[in-house]
Amino acid sequence: MKFAEIKNLKLVSVAMQRLTHRADNLPALGVLYGASGYGKTTATIAYANANQAYFLRLGSTWTKKTTLEKICFELGIEPAKNSAACVDLICSHLAAEQRPLILDEADYLVNKAGMVELVRDIYEGSQTPILLVGEEHLPNKLKKFERFHGRVMTWIPAQPVGLEDAQTLAKVYAPHITIADDLLEKLVELAHGSVRRVVVNLNNLAEAADLNGLAQLDLSSLKKLAGFEFYTGEIPKRR
């Protein structure tokens with residue numbers, strides 16, 4: 001799978017470099033946060049694939065036991081019979097491997113007792129960089145967990161999609177057509193910051209251009225695309 005190197009991927013890479021190559025006695029926790037659709041998950045998966053980091057997307061129904069078992073599965077180790085032994089196994093493995101752990105959908109951690117402390121225990125026991133990925137209010141939610149919050153070395157606000165990102169995304173999601181900047185700027189405007197919406201529109205444009213035999217598109221040429229409508233995420237109105 002090919003990933004577009006948009007600015008959020010670059011931000012993740014720089015932040016993880018800081019955590020991985022930190023000076024002695026500095027903390028190694030990071031938090032990537034931002035609105036839904038900003039491409040946080042895609043950016044962290046791309047980083048994980050390129051750098052052999054462990055990546056796990058948390059579930060809304062997971063208990064502490066489930067979380068530990070899922071982490072063990074991601075690490076490729078057999079879970080222990082009880083939670084304490086599981087934590088010890090995870091810490092030993094991470095300490096030996098020195099590969100970062102990325103936990104997506106981290107907002108689920110703050111909603112259940114003991115989950116944030118569980119992650120802190122894993123960090124303290126392994127001293128391995130751990131990156132939490134969540135929605136835009138995650139930093140505020142973590143403030144009530146002072147012992148965790150105080151160990152966060154880097155806070156990374158995900159950035160809204162821009163023209164440069166759209167140009168990069170077009171090379172991946174619409175590689176067989178040339179899309180002018182005025183049309184890409186329109187996609188960015190309609191996206192309201194969402195990488196996902198730009199990607200959907202690029203895919204739709206590529207399909208429409210193929211059906212209409214066009215190799216180049218700009219804003220004025222859209223009238224030649226029969227039936228094409230911009231994707232905005234809004235529910236279509238009844239006609």
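If a residue must be among the charged types (D, E, K, R) and loosely packed, with under 15 Cβ neighbours inside 10 Å, how many such residues does region 26-51 contain?
First pass over region 26-51, keeping only residues among the charged types (D, E, K, R): 40.
Retained after the next criterion (residues that are loosely packed, with under 15 Cβ neighbours inside 10 Å): none.
Residues that pass the stated criteria total 0.
Looking for something in contact (Cβ under 8 Å) with a residue 24 or more places away in the chain and surrounded by 14 or more Cβ atoms within 10 Å (Cβ to Cβ) - is there at least one such residue anywhere in region 75-82? For region 75-82, residues in contact (Cβ under 8 Å) with a residue 24 or more places away in the chain and surrounded by 14 or more Cβ atoms within 10 Å (Cβ to Cβ): absent.
I'm trying to understand the selection: among the residues of region 168-192, which are within 30 Å of LEU19 (Cα to Cα) and out of contact with any Phe, Trp or Tyr (no Cβ under 8 Å at 6 or more places or on another chain)?
Going through region 168-192, the residues within 30 Å of LEU19 (Cα to Cα) turn out to be 168-169, 172.
Of everything in region 168-192, those that are within 30 Å of LEU19 (Cα to Cα) and out of contact with any Phe, Trp or Tyr (no Cβ under 8 Å at 6 or more places or on another chain) turn out to be THR168, LEU169.
Consider region 119-137 and keep the residues that are in contact with a helix residue (DSSP H, G or I) (Cβ under 6 Å, 6 or more places away or on another chain) and surrounded by fewer than 20 Cβ atoms within 10 Å (Cβ to Cβ). The one that is nearest to ASP88 (Cα to Cα) is GLY125. Taking (1) in a helix (DSSP H, G or I); (2) under 23 Å from THR66 (Cβ atoms) in turn, ALA113 satisfies each apart from (1).
If a residue counts only when it is closer than 30 Å to GLY213 by Cβ, more than 18 Å from the chain's Cα centre (by Cα) and among the aliphatic types (A, V, I, L, M), which helices (runs of 4 or more DSSP H) contained entirely in region 140-198 have at least 1 such residues?
Values: elements: 146-149, 163-173, 181-191.
Fully inside region 140-198 and qualifying: 163-173, 181-191.
Among residues of region 85-100 that are closer than 22 Å to ALA15 by Cα, those with a Cβ under 7 angstrom from a residue that is assigned to a loop (DSSP other than H, G, I, E, B) and open to solvent by 80 Å² or more (accessible area, probe 1.4 Å), sequence gap 6+ or separate chain, pair up as ARG99/GLN52.
Which one is modelled with the lowest pLDDT among residues in region 98-118 that are over 22 Å from ASP88 (Cβ atoms) and in contact with a helix residue (DSSP H, G or I) (Cβ under 8 Å, 6 or more places away or on another chain)?
Going through region 98-118, the residues over 22 Å from ASP88 (Cβ atoms) turn out to be 104-108, 110-111.
Subsequent filtering for residues that are in contact with a helix residue (DSSP H, G or I) (Cβ under 8 Å, 6 or more places away or on another chain) retains 104, 106-108, 110.
Values: ASP104: 98, ALA106: 97, ASP107: 97, TYR108: 97, VAL110: 94.
That would be VAL110.
Only one entry of VAL188, VAL172 meets the criterion of being in contact (Cβ under 8 Å) with a residue 60 or more places away in the chain and either in contact with a Pro (Cβ under 9 Å, 6 or more places away or on another chain) or of a type in the set (A, V, I, L, M) (or both), and that entry is VAL172.
Do the conditions hold for ALA23, that is, is it more than 18 Å from ALA191 (Cβ to Cβ), of a type in the set (Gly, Ala, Ser) and open to solvent by 50 Å² or more (accessible area, probe 1.4 Å)? Write out each step before concluding.
On the way: more than 18 Å from ALA191 (Cβ to Cβ): yes; of a type in the set (Gly, Ala, Ser): yes; open to solvent by 50 Å² or more (accessible area, probe 1.4 Å): yes.
Criteria met by ALA23.
The residues on offer are ALA43, ALA28, ALA80, ALA35, and the sole one that is of a type in the set (A, V, I, L, M, F, W, C) and over 30 Å from VAL161 (Cβ atoms) is ALA80. ALA4 passes every criterion in (1) open to solvent by less than 70 Å² (accessible area, probe 1.4 Å); (2) touching a residue at least 60 places away in the same chain (Cβ under 8 Å); (3) part of a loop (DSSP other than H, G, I, E, B); (4) more than 30 Å from VAL198 (Cα to Cα) apart from (4). Applying the criterion of being under 15 Å from GLU164 (Cβ atoms) and of a type in the set (Gly, Ala, Ser) to the residues of region 185-227, the residue that is surrounded by the fewest Cβ atoms within 10 Å (Cβ to Cβ) is GLY193.
Going through region 62-74 one residue at a time, which ones are under 20 Å from the mean Cα position of the chain (by Cα) and of a type outside the set (Lys, Arg)?
Let us first name the residues in region 62-74 that are under 20 Å from the mean Cα position of the chain (by Cα), namely 62, 67, 70-71, 74.
The answer is TRP62, THR67, ILE71, GLU74.
The residue that is farthest from ILE122 (Cα to Cα), counting only those in region 57-74 that are open to solvent by less than 20 Å² (accessible area, probe 1.4 Å) and either among the hydrophobic types (A, V, I, L, M, F, W, C) or modelled with pLDDT under 95 (or both), is LEU58.
The values are calculated or read from the model by the stated rules, or taken from the named source; none is laboratory data. Keep in mind that this is a model prediction, so the values were computed, not measured. In this analysis, Cβ positions are derived from the backbone assuming ideal geometry, glycine residues included, and neighbour counts consider all displayed protein chains. To get the accessible areas, we keep the full protein, side chains included, count just its heavy atoms, and leave off ligands, DNA and RNA. Shrake-Rupley method; radii C 1.70, N 1.55, O 1.52, S 1.80 Å.
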